[in-house]
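The next block holds one structure in the form of structure tokens; read it before the comments.
The values are calculated or read from the model by the stated rules, or taken from the named source; none is laboratory data. Small disclaimer: the values here were computed from a predicted structure and weren't measured. Here Cβ is always computed from backbone atoms with ideal geometry, including for glycine, and neighbour counts include all displayed protein chains.
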């Protein structure tokens, strides 16, 4: 994440996204993270998968706080979310991470198509934690099409 020039003014976050198109027509900034807009949120024809690294609490989408990771399917309301953090490998203690700190944070998003399970792991270093910070069970085959684009989207306020 980038460090804002003015610390009290920050963006809404960053999202890892898998989409059927590299163009997201009608997408809006701010709380929509450049992915969707108010008229297409929760539309199952979107075929959008995203993992959001959210740095602003949007009550419109039921955000849990202003520093969380969420798994989003066709919407910006997370199917499941958790405060940003990671588990240490030594004693499996949950440690907090501040997504707005300006420090490097590594993220791993994995999907096991046999278990139909999405996992997200975060770490302040390049060592992949053994335990995920977020797990969500879902078959993504109805979301994924034959050809999809992978990328990132973000927005400022």
Q | Matching residues in region 109-127 - criterion: being within 15 Å of the chain's Cα centre (by Cα) and loosely packed, with under 14 Cβ neighbours inside 10 Å | A | 110
**Q.** Those residues of region 128-140 which are surrounded by fewer than 17 Cβ atoms within 10 Å (Cβ to Cβ) and closer than 20 Å to residue 152 by Cα, in sequence order
**A.** 140
Q.
Considering only residues that are within 13 Å of residue 134 (Cβ to Cβ) and either buried (at least 16 other Cβ atoms within 10 Å of the Cβ) or at pLDDT below 95 (or both), which ones fall in region 96-108?
A. 97, 107
Q) Do we find a residue being in a loop (DSSP other than H, G, I, E, B) and at pLDDT 90 or above anywhere in region 41-59? A) no
Q | Enumeration of residues in region 76-96 that are over 13 Å from residue 65 (Cα atoms) and in a loop (DSSP other than H, G, I, E, B) | A | 76, 79, 88, 89, 90, 91, 92, 93
Q | Complete set of residues in region 110-147 that are more than 15 Å from residue 78 (Cα to Cα), assigned to a strand (DSSP E or B) and touching a residue at least 40 places away in the same chain (Cβ under 8 Å) | A | 122
Q) So residue 93 clears everything in (1) surrounded by fewer than 12 Cβ atoms within 10 Å (Cβ to Cβ); (2) closer than 20 Å to residue 18 by Cα except one condition, right? Which one? A) (2)
